[in-house]
């Protein structure tokens, strides 16, 4: 087995090669959402399989699914008794988007000012290759410090539709003690970040019905309860004036962050200035008594995603619409349950919908919230790895959104993930001029080397 | 001059032809609000000009305006001293709306169960052609009983923007003692109805802006005021819990109906049972202290005509929309003024819109409310005509909708209108499956023949 120091030595000597490899992978336009790029997605899978083999991995396979393939493989066996890490990554990318907003071709990687600019550089071909590079280092000379298994999918950007069935079909070869997910990014070049919480979601379609059809607002205005108005009244009532969600029991099973966690959250750079600059909103808003970072990460919310009532088009039509629709989603935190929150929504509607309209509600989507224990061996190993690589204590954040694969790994394989990443807020993931900061990326490779060694104990 | 009896005989013999003509006119999708149908609107104007000429009218012209054209013409001169009637009609229609909610094509007229189904059949190609048919009958043999002048516009459904300037420019050729307007409908197949009041309208487009673009509801849910939610809150606040409009000063200039008028209104068949059967709504709603007929005719209202927020499409997208839009229209009664009501709306928004969103409001359309004298010679002639044709005393109603032209004719030409119509409450004007009941329509043609003769004295 190689030593930590020789592994670090090794990766420091390979920077040029790693960068050339990252350019080669980023040059493949593996856009999973565009059927025209299907062959490119497959090409990226093949490229990664070759790279895993070159890195000393065994049983590497590109396994077809109903959609894009999954690349799997494993390291040579570690010393018996060592833990197994399932390394998750994805090799598909978003479309390049408007060419004129890029300063170089999205699929012709270019290094400028220490950044490698290409679609997918940060999300997440760079982080995926960082894990491969670290694995290559620790597998060079005899058994690695930990067993590694690989799960590299090609459908992350389209919602991982084939993944749950794949995990069920291949549960045996994916067994692991922990999963490493480098798709969560970091909050600044000097702010290594561990993401330990993901919000769940309950997505509800609500329809309010009034007259059986759109009717003339002159003929019936004054005698019918307009369903668009009734929907507005119902939605308005879903928050208290102060901004708390009013669904009955909504907060009952919310696990409040403890003092230590709140102190960690107060360190996060989710300041009002940053949030306003990022969104262009005129002011912040939200539940009183909690910091922005807490409101986004540790508190549940209710959002109207879509409103529709009345005929489509531009012109004003003086009708009372026959129905009005809202898509409403609740972001959930432990220990909320999406089905229970949906029942709370129905209870709210039963209590507040007036008899002058009818309503229907349907649960359109659900995901459990996730919290990864902050005191698990894997989290501690990651914490120490990041602190060693960066020389600062990592930040701990809860992510306001969900990462479906984390939930799938937890529910289907029973494996908890540890999440970090080497993409920066300014790396413009999903936007033009996506890049990865190369110094940060190389530091990230070292951090993964540390993580593997730390986990070995 | 032909006799009343021979004229009635004549129209009774032409029913098939009249129906074919109505089908031909309804087959033209003369949707004034959609630029793509501009040529169709012009085609409908040309069709009507031809029909007027075939009916024996003179000086028929299709006169261009800044918008859609106006068709004018006149009858051969009546015996000197006879009054002149300005017959108003419109040949433009609302869009068909969602095709799947129609049982036949909106612009491929179909007769089913005694009704002719097509967009515009009742509103108001049918009533317009009824007047043309009656005019043809009374002009067949020598001078007609009264002088007729025609004013057929193509912009009624978009608020008649070109009409005021047109009336001013052509006041000379439109001079008349009274105007006949058949755009007001009737309250049942056995309930001929004279409409003597019209509600005005103020149409407002309200946009609420939050973040500069749609943003991820996971990343920002909890720190931004969702503009769709803020819009719902603003709309919800526009009515008190009891159903009164809360815009500041909204009821200040509302003229209350007197006791006699309230007694007439109590005769109207706007019973809860009828209104529920017509609309399919689960219950009635509205301002306390007033009968349904009063709430529709003599009280102002505020309606949400359209709500839009979030991306178009079916799938749920977990975003906070960058903006939300509502089309809101206020139906007005004397002596409210649309511009003043628009200012009340702005005042409401200034007082209630939170600083966490931005808003814009625009007055998209306006019409003054109108009240027509109930004791004029023309009203009496119409009263007798309807009673003769139907064998029952007509009802008197204030119409909940507006007919801007009535106001324009009164203020610009100094001509009062008498209003009735042959569309029934169940004819679904502006909705899917619009129709006209053919037996009612033919009876209406006879009523117009009677009206022309009655007015001659």
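Of all residues in the range B:131-158, which are at positive phi and in contact with a strand residue (DSSP E or B) (Cβ under 8 Å, 6 or more places away or on another chain)?
Those that are at positive phi and in contact with a strand residue (DSSP E or B) (Cβ under 8 Å, 6 or more places away or on another chain): none in the range B:131-158.
Checking residue A:78 against (1) assigned to a helix (DSSP H, G or I); (2) in contact with a strand residue (DSSP E or B) (Cβ under 6 Å, 6 or more places away or on another chain); (3) at pLDDT below 95, only one condition comes out false. Which one?
Against the list (1) assigned to a helix (DSSP H, G or I); (2) in contact with a strand residue (DSSP E or B) (Cβ under 6 Å, 6 or more places away or on another chain); (3) at pLDDT below 95, residue A:78 comes up short only on (1).
Checking the conditions here, which among A:299, A:343, A:331 is at pLDDT 95 or above and part of a loop (DSSP other than H, G, I, E, B)?
A:299
For residue B:318, all conditions in the list (1) at pLDDT 90 or above; (2) at the interface with chain A (Cβ under 8 Å from one of its Cβ atoms) hold save one; what is the number of the exception?
Every listed condition holds for residue B:318 apart from (1).
Could you check, for the range A:350-364, whether at least one of its residues is more than 14 Å from chain B (Cβ to nearest Cβ), surrounded by 15 or more Cβ atoms within 10 Å (Cβ to Cβ) and touching a residue at least 24 places away in the same chain (Cβ under 8 Å)?
Looking through the range A:350-364, none of the residues is more than 14 Å from chain B (Cβ to nearest Cβ), surrounded by 15 or more Cβ atoms within 10 Å (Cβ to Cβ) and touching a residue at least 24 places away in the same chain (Cβ under 8 Å).
I'd like to verify a number: residues in the range A:245-282 that are touching a helix residue (DSSP H, G or I) at 6+ places or on another chain (Cβ under 6 Å), touching a residue at least 40 places away in the same chain (Cβ under 8 Å) and within 14 Å of residue A:296 (Cα to Cα), how many?
2
Do we have residue A:189 as surrounded by fewer than 19 Cβ atoms within 10 Å (Cβ to Cβ) and either touching a residue at least 60 places away in the same chain (Cβ under 8 Å) or closer than 18 Å to residue A:126 by Cα (or both) here? Can you show your working first?
Working: surrounded by fewer than 19 Cβ atoms within 10 Å (Cβ to Cβ): yes; either touching a residue at least 60 places away in the same chain (Cβ under 8 Å) or closer than 18 Å to residue A:126 by Cα (or both): yes.
The answer is yes for residue A:189.
Which condition number in (1) at pLDDT 95 or above; (2) more than 7 Å from every other protein chain (Cβ to nearest Cβ); (3) not in a strand (DSSP E or B) is the one that residue B:257 fails?
It fails just one condition, (1).
Residue A:236 - would you say it is surrounded by fewer than 24 Cβ atoms within 10 Å (Cβ to Cβ), free of Cβ contacts under 8 Å to residues at least 12 places away in the same chain and farther than 20 Å from residue A:399 by Cα?
Values: surrounded by fewer than 24 Cβ atoms within 10 Å (Cβ to Cβ): yes; free of Cβ contacts under 8 Å to residues at least 12 places away in the same chain: yes; farther than 20 Å from residue A:399 by Cα: yes.
Spelling it out, residue A:236 is indeed surrounded by fewer than 24 Cβ atoms within 10 Å (Cβ to Cβ), free of Cβ contacts under 8 Å to residues at least 12 places away in the same chain and farther than 20 Å from residue A:399 by Cα.
Scanning the range A:285-299 for residues that are touching a strand residue (DSSP E or B) at 6+ places or on another chain (Cβ under 8 Å) and more than 8 Å from chain B (Cβ to nearest Cβ), which turns out farthest from residue A:333 (Cα to Cα)?
A:293
Any idea how many residues of the range B:209-224 are closer than 23 Å to residue A:228 by Cα and either without any contact (Cβ under 8 Å) to a residue 24 or more places away in the chain or surrounded by fewer than 24 Cβ atoms within 10 Å (Cβ to Cβ) (or both)?
Residues flagged as closer than 23 Å to residue A:228 by Cα and either without any contact (Cβ under 8 Å) to a residue 24 or more places away in the chain or surrounded by fewer than 24 Cβ atoms within 10 Å (Cβ to Cβ) (or both) within the range B:209-224 amount to 2.
Among the residues of the range B:119-160, what is the count of those that are within 14 Å of chain A (Cβ to nearest Cβ), at pLDDT below 95 and farther than 20 Å from residue B:413 by Cβ?
2
Give me the residue from the range B:1-11 that is assigned to a helix (DSSP H, G or I) and without any contact (Cβ under 8 Å) to a residue 40 or more places away in the chain and, out of that set, surrounded by the most Cβ atoms within 10 Å (Cβ to Cβ).
B:9
Among the residues of the range B:428-449, which ones are touching a strand residue (DSSP E or B) at 6+ places or on another chain (Cβ under 7 Å), crowded, with 22+ Cβ neighbours inside 10 Å and more than 14 Å from chain A (Cβ to nearest Cβ)?
Hits for the range B:428-449 are B:436, B:437.
Determine which member of the set B:60, B:70 is within 22 Å of the chain's Cα centre (by Cα) and farther than 21 Å from residue B:440 by Cβ. So that I can check it myself, show each step before the final result.
Details: B:60 fails: within 22 Å of the chain's Cα centre (by Cα).
After ruling out the rest, the residue left standing is B:70.
The values are calculated or read from the model by the stated rules, or taken from the named source; none is laboratory data. Since we're looking at a predicted model, the values are computed, not measured. We place every Cβ from the backbone using ideal geometry, glycine too, and count neighbours over all the protein chains shown.
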